[in-house]
Amino acid sequence: MNKGTLKQILLITDGCSNQGEDPAAVATLAYQQGVTVNVIGILEDQQSEQPEGLEEVEEIAMSGGGVSQIVYAKSLSQTVQMVTKQAMTQTLQGVVNQELQQILGAKQEIEDLPPEKRGEIMEVVEDLGETCDLEVLVLVDTSASMHNKLPTVRDSLFDLSLSLNARMGKNRFSIYTFPGKRKEMDKIMDWTPKLDSISSVFPKLTSGGITPTGPALREAMQQFTKKRSLRNLIGREDTDVEESGY
Amino acid sequence: MWKSQGINLSPGTVIKGKWHYRSYTIVKKLGSGAMGTVYLATENGQSVAIKFGHNSSSITTEVNVLRTLQKVQDHKLGPSLLDVDDWVLKDGSQVSFYAMEYLKGKELNRFVQEHGFEWVGILAVQLLEDLEHLHQFGWVFGDLKTDNLLVTFPPARMRWLDVGGTTQVGRAIKEYTEFYDRGYWGMGSRKADPQYDLFAFAMVILQIEYPGRFERGTHPERALFMKLKQANNIAPYQEILGKALRSEYNSAAEMKDALTSLLLASPTQSKRNTRAGRKQSHSVQPSRKKPTATVPYSGASTSAHKWEIVGIVMTVCLFYMMYVVMQWI
Ligand SMILES: Nc1ncnc2c1ncn2[C@@H]1O[C@H](COP(=O)(O)OP(=O)(O)O)[C@@H](O)[C@H]1O
Ligand SMILES: [Mg+2]
């Protein structure tokens, strides 16, 4: 099995989209393009029940083949890394499931196998998760209501890079915020292997009242496709190109 | 369909495996965590612990680890694995589970509360020995925390459960808990190495003093060492814990040896007799003990140590001189 690159978008938001196309539709499209969409919905610390807007969170992640979780700001760090890792496992399991179906013909899934066989397959999935390369584009909602959560989001992203960089595989992160000043989203950090410098570039201020989640997701998705088409243009030595991008 | 989250079983429920047909009767809930819920059950009158996973893959991963650990033959690491299976519910959904040895014991903090602080060091040595074996085998425990430790008694023995975080050396720690995590405190990476466990273990001991845990604030390292300095009940271990927190021990064995020589050098202190203990230890140390009892480790470098060595050297010299003199005569 060749060791590919997993591509993920991590959307961090606290409410529902209110402008532009349906984010679930865009997430479906992204998934079809090989990009998984994960969503984390943040609750206010005093919020006891789930507000209406956050229903969208699960819907987007389901459509995007990813994982979703709704959390209080204080447990954001642990959630961000867990969601990312879970989505990796899920994607890799999906790949392994497909291979299984090819080998076994019938509609076999890992869970249909006896526990003993499952163990061997899980080991393969884990090895892949440890060694594969990963690209995560983080898309942060910076609409007005997110104001007091931004420092926590920043810390959790730093923490995410700490977790993922303990793996053997390579990582690349990029960070965007939406709504953008003039466009759908603003670039905060271009593709980089580490997020050490995040505190100097992460916005402290929110950028407006509207939440164009759908359009921002579409833009985010294109950050992967663009790269890929660029690579295709340059030719076969795609891994080398990636390396020089650091 | 897969059943996730919040399984709730009442006593008497019979669990029968889909693959191996072994059946278990639920007795009571033992506890739950992020990955699963554990029940006490019986199989033919024998007590077992059954862990039901929130998802199938975490159960599979843990079973893999337990199987691997079972290969360390001469040293038992963690509860032994008894069975792995799926349980099909009435509605057709299924839950993955595994049955393991039931460890009957007390939570670490409760044990120390009830039996005294002098136990801390002794129990710690036991766990460090287990860690030593685990590390030599090429694995790191990972999610070391009080919830995942148990003291079986008597004889008192600290054991670990929940191998969900157990990771091969050199890989990314699979599962961790922030308070016990080296990365969270800005004291190192989340790559599995022996020092990762030693850090977490030092935090386990530190939280005995602060059961409510504490915040890292804006200067995590400073906050951490301030708390260590203020920890009165575990004061004798401060230096050793400090070294573990700074990843200064090369191995669990090194930390264990430091702790052992500390325990041997002074009577174990408990909260109840701190003053008496101190006085005693002062009067005991200068008077030379049997030379064989000295441990050649730098762990507790006190002046008493030096005097002992001087004593041995002088004794040897004396005997040698007598020998020489005898030869002359
Ligand atoms: N073998 C066992 N014997 C006795 N108690 C156990 C055993 N395994 C687990 N427990 C209890 O169940 C709790 C949850 O189990 P654990 O395996 O730690 O789940 P999680 O992976 O979700 O944290 C533990 O904290 C412990 O109190
Ligand atoms: Mg646990």
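FYI, it's all coordinate maths here, none of it is from the lab. Keep in mind that this is a model prediction, so the values were computed, not measured. A quick note on method: Cβ atoms are made from the backbone with ideal geometry, for glycine too, and the neighbour counts reach across all protein chains shown.
If you take just the strands (runs of 3 or more DSSP E) that sit entirely in the range A:1-113, which of them hold at least 3 residues that are away from chain B (no Cβ under 14 Å)? Spell out how you get there, then give the answer.
Numbers: elements: A:5-13, A:36-43, A:65-72.
Fully inside the range A:1-113 and qualifying: A:5-13, A:36-43.
Looking at the range B:9-60, which of the residues that are without any contact (Cβ under 8 Å) to a residue 40 or more places away in the chain and part of a helix (DSSP H, G or I) is nearest to the other protein chains (Cβ to nearest Cβ)?
Once the filter is applied, the top-ranked residue is B:THR60.
Does any residue of the range A:128-139 turn out to be in contact with a Lys or Arg (Cβ under 9 Å, 6 or more places away or on another chain), closer than 26 Å to A:MET221 by Cα, surrounded by fewer than 19 Cβ atoms within 10 Å (Cβ to Cβ) and among the polar types (S, T, N, Q)?
Scanning the range A:128-139 turns up at least one residue that is in contact with a Lys or Arg (Cβ under 9 Å, 6 or more places away or on another chain), closer than 26 Å to A:MET221 by Cα, surrounded by fewer than 19 Cβ atoms within 10 Å (Cβ to Cβ) and among the polar types (S, T, N, Q).
Report, by residue number, each residue of the range B:156-199 that is free of Cβ contacts under 8 Å to residues at least 12 places away in the same chain and within 16 Å of the chain's Cα centre (by Cα).
Across the range B:156-199, there are no qualifying residues.
For (1) surrounded by 20 or more Cβ atoms within 10 Å (Cβ to Cβ); (2) part of a helix (DSSP H, G or I), each residue gets a yes or a no:
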{"site": "B:TYR176", "(1), (2)": "yes, no"}
{"site": "B:GLY183", "(1), (2)": "yes, no"}
{"site": "B:MET187", "(1), (2)": "no, no"}
{"site": "B:GLN195", "(1), (2)": "yes, yes"}
{"site": "B:PHE199", "(1), (2)": "yes, yes"}
{"site": "B:VAL204", "(1), (2)": "yes, yes"}
{"site": "B:GLN207", "(1), (2)": "yes, yes"}
{"site": "B:PHE214", "(1), (2)": "no, no"}
{"site": "B:GLU221", "(1), (2)": "no, yes"}
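Within the range B:143-178, can you find the residues that are within 11 Å of chain A (Cβ to nearest Cβ) and within 16 Å of ligand 1 (Cβ to nearest atom)?
B:THR167, B:ILE173, B:LYS174, B:GLU175, B:TYR176, B:THR177, B:GLU178, listed by residue number.
Listed here are the residues, each with its yes/no results for (1) farther than 26 Å from B:SER32 by Cβ; (2) more than 16 Å from ligand 2 (Cβ to nearest atom).
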residue	(1), (2)
B:VAL125	yes, yes
B:GLU132	yes, yes
B:ASP143	no, no
B:ASN148	no, no
B:PHE153	no, yes
B:MET158	no, no
B:LEU161	no, no
B:GLY164	no, no
B:ARG171	yes, yes
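Condition first: in a loop (DSSP other than H, G, I, E, B) and within 16 Å of ligand 2 (Cβ to nearest atom). Now tell me which residues in the range B:87-119 satisfy that.
B:TYR102, B:LEU103, B:GLU107
Of the residues that sit in the range B:84-107 and are within 12 Å of ligand 1 (Cβ to nearest atom) and among the acidic types (Asp, Glu), which one is surrounded by the most Cβ atoms within 10 Å (Cβ to Cβ)? Talk me through it step by step, then tell me what you get.
Of the residues in the range B:84-107, the ones within 12 Å of ligand 1 (Cβ to nearest atom) are B:97-107.
Still in the running and among the acidic types (Asp, Glu): B:101, B:107.
On the way: B:GLU101: 16, B:GLU107: 14.
This residue is B:GLU101.
If you scan the range B:72-83, which residues turn out to be away from chain A (no Cβ under 14 Å) and either near ligand 1 (Cβ under 10 Å from one of its atoms) or surrounded by fewer than 20 Cβ atoms within 10 Å (Cβ to Cβ) (or both)?
Of everything in the range B:72-83, those that are away from chain A (no Cβ under 14 Å) and either near ligand 1 (Cβ under 10 Å from one of its atoms) or surrounded by fewer than 20 Cβ atoms within 10 Å (Cβ to Cβ) (or both) turn out to be B:VAL72, B:GLN73, B:ASP74, B:HIS75, B:LYS76, B:GLY78, B:PRO79, B:SER80.
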